[in-house]
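Chemist: Sharing a structure, written as structure tokens. Questions coming.
The values are calculated or read from the model by the stated rules, or taken from the named source; none is laboratory data. Model, not experiment: these values are computed from the prediction. Cβ placement follows ideal geometry from the backbone for every residue including glycine, while neighbour counts extend to all protein chains displayed. Side chains included, ligands, DNA and RNA excluded: accessible areas come from the protein's heavy atoms. Shrake-Rupley method; radii C 1.70, N 1.55, O 1.52, S 1.80 Å.
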Amino acid sequence: MPTLRLTDAALKRLKPPDAGRIEYWDSHTRGFGLRVSVSGVKNWVLITRVLQGGEWKQKRVTLGAYPALSLSDAREKAAEAKAKAKAGEDPSDRVKTERQALVDNSRNTFLLVRTEFLEKYRGRGNKRPAPSTLAEMTRVLGSRDFQDWNERPFASITRRDILDALDLIVARGAETLANRALAYLKLLFAWAVQREIIDADPCSTIKKPGAEVSRDRVLTASELRLIWKATEASDSQFGQIIRLLMLTGCRLREVSALPWSEIDTKKSIWNLPGKRTKNGRDHVVPLTQPMLEILDARKGAQKALVSNGQPMPKLVFTTTGITPFSGFSRGKSLLDTRIKRLLAAESADDGEAAEVPPWRPHDLRRSVATHMAEELRIPPHVIEACLNHVSGTKAGVAGVYNRALHLDERREALQRWSDHVLELTGANAEDVAQAAMD
């Protein structure tokens, strides 16, 4: 058992024995050494006295492998082990715990923890996120921006890793997405801390990396007219979805994933269950004639496509017959192109390129509420009932007692709004039906 001063230079000169193993003991730290096997495997070892069964006994403790554990780190670990042994603790227990932690971390990959999070996460009021929110969380956290993390131990994801990923998203111009990604990552890592998967949240103090576009956009009457007219020549379902959004004031996912089972044609109502709404509350939408025309046209179009004994789709809007409509980016791009052509045709400046006014489908919901209030003078509580809002007149204590459906008022309000939209655009029910069939 040779003894020498263990240094980085000396370690590089050590050779494996011809057979068995050999231990080199450090002349600087008592009981600390390096065990080298014939295969070349090297492990740091420490011989110290531990308290067992009421007696002090000599015990050999393996600290870790070299060079994964450097000389300086091994010395520090040996000092910690000696201190624990002196205090009556068995330092090998800590080594076993650390090894088990490494095993657990290797099993808890980012992919596995993310999957468990999406299956079990509960937010405000201990409720699961709305289906649309959960779908967006799944899409963002599972995107290519984080796919390189999938097989990494979750505990190995650092603040620097997160900042680098967010910087790349911002660099390609998707600043709002970067902010959304950070929000979902914060939920994920905070959940992992609460579940004791990790000890600390690496993104808890990271600030939003991008600028947010204001969400107070209200489309003008002329913009609503342009959007409506641009859907007249729609060759996809996106234009029909946009028209229903404009007529109902509902959210995009509520309309695009609409199943036929929610439509009651006899009562002319749409029964939207709480599991598909953002606030988790059931919602009833009275269907006006223009809305029914669009739905009837969709039914007719689907019947015309059904052949060879295939069943009718269960969804109003679907390209596969099974999954909800999903071509939002392409549909929006085509619709903006049509709007641009309409603007160019109406422009007084020949040859001057017209600009598409920036807008998003969700702006239609805000615009419906604003125009209902400002132009049609519909009472706020009726507008909130039409949009399934829980705020203002129905928030707090008032919401507990104000359980009236206001169904008659809602039907009258949506009918007035439908008439206003058709008057504004110069359309009629036959035009609506024809556009839906194109």
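Chemist: Once the Cβ-Cβ distance between His420 and Arg330 is put in as r, and R0 is 35 Å, what FRET efficiency do you end up with, to the nearest 0.05?
Modeler: 0.70
Chemist: Now for a different question. Between Met312 and Glu80, what FRET efficiency follows from the Cβ-Cβ distance if R0 is 45 Å, with the result rounded to 0.05?
Modeler: 0.05
Chemist: Consider a paramagnetic label point 7 Å from the Cα of Asp18 along Cα→Cβ; state which residues of segment 25-64 have an amide N under 17 Å from it.
Modeler: 37-40
Chemist: In the neighborhood of Ser37, defined by Cβ-to-Cβ distances under 13 Å, what is the net charge if each Lys or Arg adds +1 and each Asp or Glu adds -1?
Modeler: +2
Chemist: So, one more: Based on the alpha-carbon gyration tensor of segment 157-242 and its eigenvalue square roots a ≥ b ≥ c, which shape applies: rounded if a/c is under 1.5, prolate if not and a/b is larger than b/c, or oblate?
Modeler: prolate
Chemist: Sticking with this one: Lys and Arg at +1, Asp and Glu at -1: add these up for the other residues within a Cβ distance under 14 Å of Val306 and post the number.
Modeler: So the surrounding residues net to +4.
Chemist: My understanding is that a pair violates if its Cα-Cα distance is over 22 Å; which of Lys208/Lys275; Lys266/Lys314; Lys229/Lys340; Lys42/Lys77; Lys59/Lys82 do that in this structure?
Modeler: Lys208/Lys275
Chemist: How much FRET efficiency would the formula 1/(1 + (r/R0)^6) give for Thr265 and Glu412, where r is the Cβ-Cβ distance and R0 is 22 Å, rounded to 0.05?
Modeler: After rounding, the FRET efficiency stands at 0.65.
Chemist: Under 15 Å from the Cβ of Lys12, count the other residues' Cβ atoms, weight Lys and Arg +1, Asp and Glu -1, and hand me the total.
Modeler: Here the charged neighbours net out to +3.
Chemist: How large are Rg and Dmax for segment 287-342 when calculated on the C-alpha trace, in angstrom?
Modeler: 14.1, 42
Chemist: How many percent of the accessible area of segment 262-325 is carbon or sulfur, using a 1.4 Å probe?
Modeler: 54
Chemist: Now, a different point. Can you send over the carbon and sulfur percentage of the accessible area for segment 137-256, probe radius 1.4 Å, protein chains only?
Modeler: 51
Chemist: Here's another thing I want to ask about it. Want the number for Arg144 to Arg360: 0.36 nm per residue separation, take away the alpha-carbon distance, what's left?
Modeler: 75.3 nm
Chemist: If you count only protein heavy atoms with a 1.4 Å probe, what accessible area per residue comes out for segment 204-286, rounded to a whole Å²?
Modeler: Each residue of segment 204-286 exposes 45 Å² on average to a 1.4 Å probe.
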